[in-house]
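Let me begin by presenting the structure, written as structure tokens, before commenting on it.
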Amino acid sequence: MPTPTLGDWQQMYRAMWRIRLFEDQVQRFAAAGEVPGFPHLSTGQEAVAVGVCAHLSHEDVLFTSHRGHGHVLAKGSDLQATLAEILGRQDGLCRGRGGSMHLVDAANGVLGATGVVAGNLSLAAGAAWAAQAQGRRNISVAFFGDGATGAGAFHETLNLAALWKLPVLFVCENNGYAEFTSREEHSNVTHVSSFAAPYAIATKTIDGNDLLAVYASAAEAIDLLRRDQGPYLLECMTFRLAGHYVGDAQQYRSKEELAAHRDKCPIERFKRHLIERGVAQQELDAIGELARLEVQQAADRARAAPRPDASTVLEDVYRSPALDGISG
Ligand SMILES: Cc1ncc(C[n+]2csc(CCOP(=O)(O)OP(=O)(O)O)c2C)c(N)n1
Ligand SMILES: [Mg+2]
């Protein structure tokens, strides 16, 4: 893996801002009643998405959870089409049929978000198994939360992935909460990486708010996968600065806790690093401004796009041409 140039790091800084500002925009749209369902924002968790996805090629496939906007953008899906999908518009990634929790962009290797906690894990292993069986070199990445580790599917998937040496990278964003319940309240297992040893899976727990650490650890893990030494479980300790979903009053955590974590913002932290490396403040401001304009333009266009025509509702439900008649 070549060492990133300063320019590469600046691109990653921009990618984190794009996600942060995208989520702020979704928050505003949701507050205005323009988003069907409940969007779950990844604000504060941007370094995980960017640090992992920086290593993925177009052919590598990605599976994410209910909190997946950042992963999809970091993988390279179009900003406007992603936002249009969240708004339920015709030119969204899934023609407005999926929405925030069901983003799919197969052409970009995004094989899906899911509202079913842990539901993406076995699918990611399946895609890795298909790649292995067909002799393709691509890997499969699954992003999931700490809460998903309580599900049987997590353990079933780890077991088979290890047994069959599948090229799948399990990336846990351990943000310390599952909905409104802290990790201490729902599990005696503090670190998700503890689950790897019984299955003989390589693992590491890292500071998920440190882009440099995520980038370096993801590089190590993915290198193993590409050399058929997979799977790998990467636990990224992070924190969601937003509520569980837009509208969550967050009465289960204190203002002090939130303030302490705001100080650990991954974007501010990486900004300090770039300044130490000699990048001028104005240059960084310009990168942030560019991201702001990009998101603003995508938001204006996505909002102006038409909703799908009701008569097309049954299109794309069935794959079989024999059933085309049903969708008329
Ligand atoms: C199978 C299943 N059980 C329960 C839920 C309800 N639910 C939605 S999000 C969530 C918590 C998930 O926590 P975690 O995996 O840590 O992800 P985070 O929201 O922290 O990113 C739960 C229990 C669900 N969507 N699916
Ligand atoms: Mg969580």
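The values are calculated or read from the model by the stated rules, or taken from the named source; none is laboratory data. Note that the structure is a prediction, hence the values are computed from the model and not measured. Backbone-built Cβ (ideal geometry, glycine too); neighbour counts: all protein chains shown.
I'd like the residue in region 197-208 that is buried (at least 18 other Cβ atoms within 10 Å of the Cβ) and under 21 Å from the mean Cα position of the chain (by Cα) and, out of all such residues, is farthest from K165 (Cα to Cα).
Top of the filtered list is G208.
Identify, from the list D228, D263, D210, the residue that is more than 16 Å from ligand 2 (Cβ to nearest atom), free of Cβ contacts under 8 Å to residues at least 24 places away in the same chain and acidic (D, E). Write out each step before concluding.
On the way: D228 fails: free of Cβ contacts under 8 Å to residues at least 24 places away in the same chain; D210 fails: free of Cβ contacts under 8 Å to residues at least 24 places away in the same chain.
Testing whether each residue is more than 16 Å from ligand 2 (Cβ to nearest atom), free of Cβ contacts under 8 Å to residues at least 24 places away in the same chain and acidic (D, E) leaves just D263.
Go through region 169-207 and report how many residues are farther than 30 Å from Q251 by Cβ and at pLDDT below 95.
Qualifying residue count, region 169-207: 0.
Find the residue count for region 143-160, including only residues that are in contact with a strand residue (DSSP E or B) (Cβ under 8 Å, 6 or more places away or on another chain) and among the charged types (D, E, K, R).
Selection size over region 143-160: 1.
Go through region 230-248 and count every residue that is modelled with pLDDT of 95 or more and loosely packed, with under 14 Cβ neighbours inside 10 Å.
The total comes to 0.
If I go through region 145-156 residue by residue, how many of them are touching a residue at least 40 places away in the same chain (Cβ under 8 Å), of a type in the set (A, V, I, L, M) and not in a helix (DSSP H, G or I)? Reasoning before the result, please.
Of the residues in region 145-156, the ones touching a residue at least 40 places away in the same chain (Cβ under 8 Å) are 145-146, 148-149, 154-155.
This time we only want the ones that are of a type in the set (A, V, I, L, M), so: 148.
Applying the additional criterion that residues be not in a helix (DSSP H, G or I) yields none.
The total comes to 0.
Which condition number in (1) of a type in the set (D, E, K, R); (2) over 30 Å from L274 (Cβ atoms); (3) at pLDDT 95 or above is the one that D210 fails?
Only one criterion in (1) of a type in the set (D, E, K, R); (2) over 30 Å from L274 (Cβ atoms); (3) at pLDDT 95 or above is unmet by D210, namely (2).
So which residues in region 157-207 are in contact (Cβ under 8 Å) with a residue 40 or more places away in the chain, among the small types (G, A, S) and more than 16 Å from ligand 1 (Cβ to nearest atom), if there are any at all?
A161, A162
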